[in-house]
Amino acid sequence: MSARDRIESGLRRLVAASWAERLGLSFAALVASVLVGGLIVFFSGTAATCQEPAYGVFGLTSCYNPISVYSVLVTGAFGSILSDPFNFNVALTLKETTLLIFTGLSVAVAFRAGLFNIGSQGQLIFGGLASAITVLTAGPLLTGVGGFLLVPLGVLAGALAGALYGAVPGALKAYAGANEVITTIMLNFVAEQIAFFVVSAYFAAPDSQSVETSEIPSAAVLESALFGSGSDFSIVAFVGGLVLVAGLYYLIKYTAFGFDLRTSGLQPEAARFGGVDAKRTIVSSMALSGAFAGIGGAVWVLMVLGRFQTGVPALGFDGITVSILAGNNPLGVVPAALLFGVLKSGSLAVQLSTGVPIQLVGVLRGLIILFVAMPEFFRLLGKQFVTTDREPAVATDGGEQTPTEPPSTGGTDDPGGER
Amino acid sequence: MSVGRLRSALNGGLRHALAYGLAGLVVLAALYGLVFPETMVGDLLRLATSKSTLGAALRLAVPIACAAVGGIFAEKAGVINIGLEGLLIISAFTGVFVTDAVGSVFSIPGIWVGFVAGVLASTLLSLLFAVVCIKFRADQIIAGLAVWLIALGLAPFAATVVYGSVNTSSVGTLGTWTIPVLSELPFVGPVLFDASPTVYLMFLVVGGGWYVLNRTSFGRHVRASGENPKALDTAGVDVTRVRYLAITLSGVLSGIGGVGLSLGQVGQFIGNGQTMVNGKGFIAIVAYLFGNYNPLGAFGASVLFAGLDALQLRLQQIPAYAVPSSLVQTIPYVTVIVVLALVGHTRVPSAAGDHYESGED
Amino acid sequence: MTDAVVLDEITKRFPGVVANDAVDLTVETGSVHALLGENGAGKSTLMNVLYGLYQPEGGTIELDGEVQEFDAPRDAIDAGIGMIHQHFMLVPPMTVGENVVLGNEPTKWGGLATDRSRAREAVRELSERYGFAVDPDERVEEISVGERQRVEILKALYRGADLLILDEPTAVLTPQEVEELFDVFEELTAEGKTVLFITHKLGEAMSVADDITVLRDGENVGTVDADETSREQLAEMMVGREVVLDIETESVETGETVLDVDELTVTEEGTDQVRNVDFEIHEGEILGVAGVDGNGQAELVEALTGLRSPDEGTVTLDGENLAGVSRRGHIERGMAYIPEDRQERGLVMEFDLTENGVLGGQHTPPVGGTRIDWPSAREHASDVIETYDVRPPNPEAGAKSLSGGNQQKFLVGRELERDPGMVVATHPTRGVDVGSTEFVHDRLLALREAGVAVLLISANLAEVRGLSDRLAVMHDGEFVDVVDPDTVTEEELGLLMAGERPDEPTTTESVSADGGER
């Protein structure tokens, strides 16, 4: 067994834990991240400058009150949702949610195949760029009724570009053994620079200060129904995302390709034994992963910006957190994306009313991954604080399954039990 | 000879073939440039061998080489530290922040106080990583990514809190130390002995790293811990302790690299996008893979990657070649990918990535 | 005379099982003591307790009359115990010398550097005293298994061990190397050392040990004097009932050639793992392959089952050349494969039995195809569970929740229910209890009777000899000879396994490699 396989064995553990355990783990990780994030907010507030401290404890005063930060975050994400369910804040939250569904799915599908696709960001950039270029080029040709085709065309272009860019690190891994974590990260940098070059050299919007394309034809824009124009949220894109979620769930659970993919992710050696073409599976799952990210990029262009612009927000990295929070389960991506969408849109309100910088989301993004990665932490914590008669409840709180097998497979003489 | 045999023979000698091939190409290009100084190759040669480019290459190699040596210790001990990037980011920021905020302590210049603080920050973060991986048995890759993403979020967050922008204000650099006599040597003098103190530190890190790994019992324990931790455990050496030490060491060394970047070269922290570290931590990983886990080899690879970066920076300054700068900037990253694809099948320490607990069978 | 070790009522529990149940053990100083028992009897656990790797729930350890408490192996080492594990605790890329002194490196310059010449000297001196021929500067990955074992012993001696514990020391050795090891035991006891070794082989225990203690189901069944016991008595103590030590086979008419392997060579990193191997297997025939592990068996199997492509030579199945046929193609052509490593290769541990039942058949109807028919997959798994008596009989049970024996039964069942024309079985009973072993043997013999061709690779000599119609011996990637398993002697097999070709064909009754005659 090579070391690379071993790396993936940890991932297996992450994928394998039961549904309820995963839910508990994600919840516990979220709570822990919010607590640690609150501490960070408080302490950073002691270094910030403000007119009068907002919060003090044990003689330490801080410019930020962590409790009000989080309450502003939630109200900021939902607005007055009870009186006006289609208010601007909700639209903002759902906009972020929609984008995160795509990148979340992107990371999740690769994860299930045992691959760490950190390159969703680059694939999203390429997808967005390809989508913008396609609709800009096809726009003048497809007028009138033909304009109807622009959106699907743009999405398709995004998916293809993302898939191709995802297939590159897949092929490098399958045929040259290059670790996909490193190559995808490198390709993120490359995508950024190439997009910058392509836009500034060939598609720059005239008279623009930033590096961006011209506006796409209005027929290609995903319109904001229900939530009023200018909300940059299209219910069509959101529903499209949900359809993809269902599609990916079906693919993983009910098709032979999905079986191959899951087997490769859990135990590559067993997959090879079972007749899975490992190389093809790696390339195709990376391409699929890239396609999801590419669609995310297309939606970002067609729904949010109405053009392609360099300096793409870090939706791909957020997708890692969303996927990990979702236990890499497509169905879990929806609530996880919603949650992260709340964080992202709420943090805007937080910055406005409390002065805590929006970069807080970036901190939470990392913290959540860290906590989800250590179920053992919550298990030990549970043991410490909960009396024994409640232990079973704690075990689902993210603890790993206690081995039900007797250690005969490893603890005693059984030579076949080596793992 | 069959295709299969040929392929396996190729794989075996690939690293050498690659190294010789690269060297050969460089020599050929250099000869061509010497003979035809008026051509573009001639220009490139002049550029590449100019004192300023070589000096820049060494300076730019500091964060990569230091993080790479740190990464070698962690991975040789059996813990893949993919969070080197995060360690560089946190130390780069903390170094500048503390220099700015604290100033001199006990008549130690503020910038050196900041230097120590930056290294300390990276060490603490690596200790967190160690606890998460060893005590809480987290998956090493995911925990490493978390370390990276936390630093990537935290540094710009803190910068914005304190400075109102993701970039800090400027605090000046450590300057250069000119070593008398040696710096007078022709050509090598000004490059090697009239450099930033962080460059000297890098030499110390590389040489010291090699010595510790190959000549001390700690180094042997580190290697055994990554190859067969159980052998070490049954020989009565505490594997957990060795791993904690190795990871912490990777934090200290990466910290030197990170502070070397912000205080040694730029004098401020730049926090937009991927921050000023810009993937150097990941490049460091490829550097030590290319260097086959040998600190000296990793240093060579670091200088190669940094040299490409330095050349790229210089190329941008020459208007004669209308190569778009954004494309030139991709060169180091693409090279890293190519190198990784060619040496992808390195002999990774057998137990790297594995959790180990004494008494587990 | 004092006793080197006295264990009193040692109890060690793991979640769900009691591995050692109040075990007593007394080992006389300067003797060779065998700890005999079946797989899973708790022998290794007991020794790991003695070595400080496990902390017992109850009981005391007494060494040379003093009560000891070991929190870690370090304590046991300090008390003069050395342990040689079944899987060597060596660091392959390091040299012999570095391995011997690991953890106790002599240093110089106040600990700033290791003193390599002093280490080399110490190793050389020790190996000369005990008559070991090992070069301290050679890398462990480059020396033979027998030499590695001696390095392990040196390691223990270097640390001043007076009591040496060896866990299944003969499992990886050829019969000749076993003899050499037993000579080493004599050297050691002559120097006043005590040897305690674990084995599940009756003959070994009887031939080399002074005393034999039998463990069964975590309990001490009794200690006997090796000179005053019999194989039958020991076997009964081990198993708890009388056992039949032989496998009955009936001769079967062999038919057409099923598998034809011609000049097969597999190369890895420049060296031949399998070299010019030639053989045929016919309908209704079992070809056994004996040999010490790591002599190319694994590579041969991978080349036959489509997991890797041969570098030279051809593999023909039912008249069709398999060159370029994928692993999936092999499955679809009716080749079943029972892999040696069920937990890594044969089963997906995180899948339940239903999902594991699909593995390998996910692309072929009725269960597989583009879409997987889960209801019929569940039915299929239930069928295998019922026929092969897998427990618990629940297709939803996770593979990792099953015991090793039941995992193996399910795996064997899944492969054999493919309706294969050819079966490649590697170590099919490794780590499996006696009952399941008999069951697997019966199934293989039933297949043979049904006209299936079987290639059986096993490190268990009794197994390959008992089941095979012809027996090939593999050494260093080559078939040294193909012999008649009924007439070949253990000594002849041992020589062949060590790579020594018979000079005169008369000493071994050679059977033509291509012929199916019996």
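The values are calculated or read from the model by the stated rules, or taken from the named source; none is laboratory data. Everything quoted here is computed from the prediction, not taken from an experiment. Quick reminder, even Gly has a Cβ in these numbers, built from the backbone with ideal geometry, and neighbours come from all protein chains shown.
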How many residues are more than 7 Å from every other protein chain (Cβ to nearest Cβ) and more than 14 Å from A:ALA271 (Cβ to Cβ) when one looks only at the stretch C:355-379? 12
Name the residue, out of C:PRO93, C:PRO73, that is facing chain B (nearest Cβ under 8 Å) and under 24 Å from the mean Cα position of the chain (by Cα). C:PRO93
Can you name every residue in the stretch B:264-297 that is polar (S, T, N, Q) and part of a helix (DSSP H, G or I)? B:GLN265
Within the stretch C:105-118, is even one residue without any contact (Cβ under 8 Å) to a residue 12 or more places away in the chain and of a type in the set (A, V, I, L, M)? yes
Filter the stretch A:329-356 for residues that are part of a loop (DSSP other than H, G, I, E, B) and surrounded by fewer than 24 Cβ atoms within 10 Å (Cβ to Cβ) and give the result. A:ASN329, A:GLY355
Out of C:VAL432, C:VAL423, which single residue is touching a helix residue (DSSP H, G or I) at 6+ places or on another chain (Cβ under 7 Å) and more than 12 Å from every other protein chain (Cβ to nearest Cβ)? C:VAL423
Taking the stretch A:75-126 as the search range and keeping residues that are without any contact (Cβ under 8 Å) to a residue 40 or more places away in the chain and either closer than 25 Å to A:GLY265 by Cβ or small (Gly, Ala, Ser) (or both), which one is surrounded by the most Cβ atoms within 10 Å (Cβ to Cβ)? A:GLY79
Count - residues of the stretch C:297-315 that are closer than 13 Å to C:THR267 by Cα, not in a helix (DSSP H, G or I) and not small (Gly, Ala, Ser): 4
Across the stretch C:186-202, what is the number of residues that are within 16 Å of C:HIS85 (Cα to Cα) and either of a type in the set (S, T, N, Q) or in a helix (DSSP H, G or I) (or both)? 1
Contact list, first residue from the stretch B:74-86 and more than 9 Å from chain A (Cβ to nearest Cβ) and surrounded by 24 or more Cβ atoms within 10 Å (Cβ to Cβ), second anywhere and among the acidic types (Asp, Glu) and not in a helix (DSSP H, G or I), beta-carbon distance below 7 Å, six or more apart or interchain, is B:GLY78/B:ASP354
Is it the case, given these coordinates, that C:ALA298 is under 22 Å from the mean Cα position of the chain (by Cα), surrounded by fewer than 23 Cβ atoms within 10 Å (Cβ to Cβ) and within 26 Å of C:GLN408 (Cα to Cα)? yes
Whichever residue in the stretch A:253-280 is touching a Lys or Arg at 6+ places or on another chain (Cβ under 8 Å) and basic (Lys, Arg) and, among such residues, is nearest to the other protein chains (Cβ to nearest Cβ): A:ARG272
Qualifying residue in the stretch C:411-426 (condition: farther than 20 Å from C:LEU300 by Cβ, touching a Phe, Trp or Tyr at 6+ places or on another chain (Cβ under 6 Å), small (Gly, Ala, Ser) and assigned to a helix (DSSP H, G or I)): yes
In the stretch B:131-147, how many residues are in contact (Cβ under 8 Å) with a residue 40 or more places away in the chain and surrounded by 24 or more Cβ atoms within 10 Å (Cβ to Cβ)? 7
Inspect the stretch C:439-447 for any residue being out of contact with any His (no Cβ under 8 Å at 6 or more places or on another chain) and at the interface with another protein chain (Cβ under 10 Å from one of its Cβ atoms) and give the result as yes or no. no
Taking the stretch C:319-354 as the search range and keeping residues that are more than 8 Å from chain A (Cβ to nearest Cβ) and of a type in the set (S, T, N, Q), which one is nearest to the chain's Cα centre (by Cα)? C:THR354
Could you list, in sequence order, the residues of the stretch B:108-154 that are closer than 23 Å to A:VAL361 by Cα, small (Gly, Ala, Ser) and more than 10 Å from chain A (Cβ to nearest Cβ)? B:ALA121, B:SER122, B:SER126
Under 7 Å by Cβ, and 6 or more places apart or on different chains, what pairs join a residue from the stretch C:151-169 that is within 19 Å of C:GLU141 (Cα to Cα) with one that is polar (S, T, N, Q) and in a helix (DSSP H, G or I)? C:VAL151/C:ASN99; C:LEU154/C:SER127; C:LYS155/C:ASN99; C:PRO169/C:GLN149
Kindly indicate whether C:ILE84 is crowded, with 20+ Cβ neighbours inside 10 Å, touching a residue at least 12 places away in the same chain (Cβ under 8 Å), at the interface with chain B (Cβ under 9 Å from one of its Cβ atoms) and within 15 Å of C:LEU53 (Cβ to Cβ). no
Residue, nearest to B:GLY291 (Cα to Cα), within the stretch B:52-107, restricted to residues that are modelled with pLDDT of 90 or more and of a type in the set (Ser, Thr, Tyr): B:SER91
Any residue in the stretch A:288-300 that is under 20 Å from A:VAL155 (Cα atoms), in contact (Cβ under 8 Å) with a residue 24 or more places away in the chain and surrounded by fewer than 24 Cβ atoms within 10 Å (Cβ to Cβ)? no
When you look at B:ALA246, is it without any contact (Cβ under 8 Å) to a residue 24 or more places away in the chain and more than 14 Å from the chain's Cα centre (by Cα), yes or no? no
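One line per residue, one yes/no per condition, for (1) hydroxyl-bearing (Ser, Thr, Tyr); (2) closer than 16 Å to A:PHE102 by Cα; (3) over 12 Å from the mean Cα position of the chain (by Cα); (4) modelled with pLDDT of 90 or more:
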position	(1), (2), (3), (4)
A:GLY319	no, yes, no, yes
A:VAL322	no, yes, no, yes
A:GLY327	no, yes, no, no
A:GLY332	no, yes, no, yes
A:PRO335	no, yes, no, yes
A:ALA349	no, no, yes, no
A:THR354	yes, no, yes, no
A:GLN359	no, no, yes, no
